[in-house]
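What follows is calculated from the coordinates using simple rules that are stated; it is not laboratory data. Nothing here was measured: the structure is a model prediction, and the numbers come from that model. No Cβ is skipped: glycine too gets one built from the backbone with ideal geometry, and neighbour counts run over all protein chains shown.
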Amino acid sequence: MMKSLAVICVFASLIWSRLSFADYTMGCDDPEYHRYVENQFAQFEVKNKRLLNDTLRDYNISLSVGNNLYKVIASLSRHLKFSAQFDPINEVSAKIDLVFKHANELSIDQHIAGDAFDGFSNETHAVGIARAWIAYRQGNNQEAFDELLKSIDVTGSPLLGSFGPDFTLIRQLYSDGHVAPVLAYIDKTETFWTGSRADEMRSVWRRMIAAECKIQFDSVDTIKAIELGLSLSNT
């Protein structure tokens, strides 16, 4: 009995040691961690540029094969997030107009009263994010922050409720030093992005922000926070 208790104590001690000491010895200021985040950002850019082309191809295919307008709108909306980052602003604006043009066609074809687009929470979110990107790229920061928050005025979206909203622009804003709008965005996600995983991510990001850490706004942040020596406990 005493031997078993001793083994348990040693095991617990090893776990505590693992959680008590950071892998990055200088914590959030560790140059190795900074290099890691910079590398991650470079990979995100490569991936997003690839998705820029892939999602445009998907939209064009959806349009050419005569898919119903719901699918066409969804395809174009997925493309918007990437287009807003890299394409000329006039092209992004034209694509936003095209989303609404498709929505109006849908309303006419199916005799739906009012603005059919109001029912597309995911698509409305995509348009809002694109508008925020446009404003930010033009140097209109307050407009960008306002559009960002409006983009998550959504209801009844199983996708956003399960997986959360877009964090691509949030990643850029935080990297550029805009902390307040990032926190406001994170706080507002509580209205629709629910569950233990969502709560965990919000808690991790708030703790990392308080510690002035670089953040990738990705699920791996839960691991990196521990490696940085940040407590994930609410106590």
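In nm, to one decimal, how far is the Glu32 label point from the Glu212 one, both placed 7 Å along Cα→Cβ?
Taking the two extended label points, one gets 2.2 nm.
Could you work out how much longer the chain between Thr25 and Ala184 gets when fully extended? Use 0.36 nm per residue separation minus the Cα distance between them, nm to one decimal.
Gain on extension, Thr25 to Ala184, equals 54.2 nm.
Ranking request for peptides 55-68, 127-140: highest mean number of other beta-carbon atoms within 10 Å first, then the rest in descending order.
On the way: 55-68: 14.2, 127-140: 20.4.
Result, highest mean Cβ count within 10 Å first: 127-140, 55-68.
Which of the pairs Lys81/Lys188; Lys47/Lys101; Lys47/Lys214; Lys49/Lys150 have their Cα atoms more than 24 Å apart in this structure?
In this structure, Lys47/Lys101; Lys49/Lys150 lie more than 24 Å apart at Cα.
Report the paramagnetic label zone for Glu45: residues of the range 66-106 whose backbone N is under 19 Å from a point 7 Å from Cα along the Cα-to-Cβ axis.
Those under the cut-off are 81-89.
Once you place label points 7 Å from the Cα toward the Cβ at Glu143 and Ala94, how far apart are they in nm?
2.0 nm
Once label points are set 7 Å from the Cα along Cα→Cβ at both Lys101 and Thr155, what is their separation, rounded to one decimal in nm?
It works out to 3.1 nm between the two label points.
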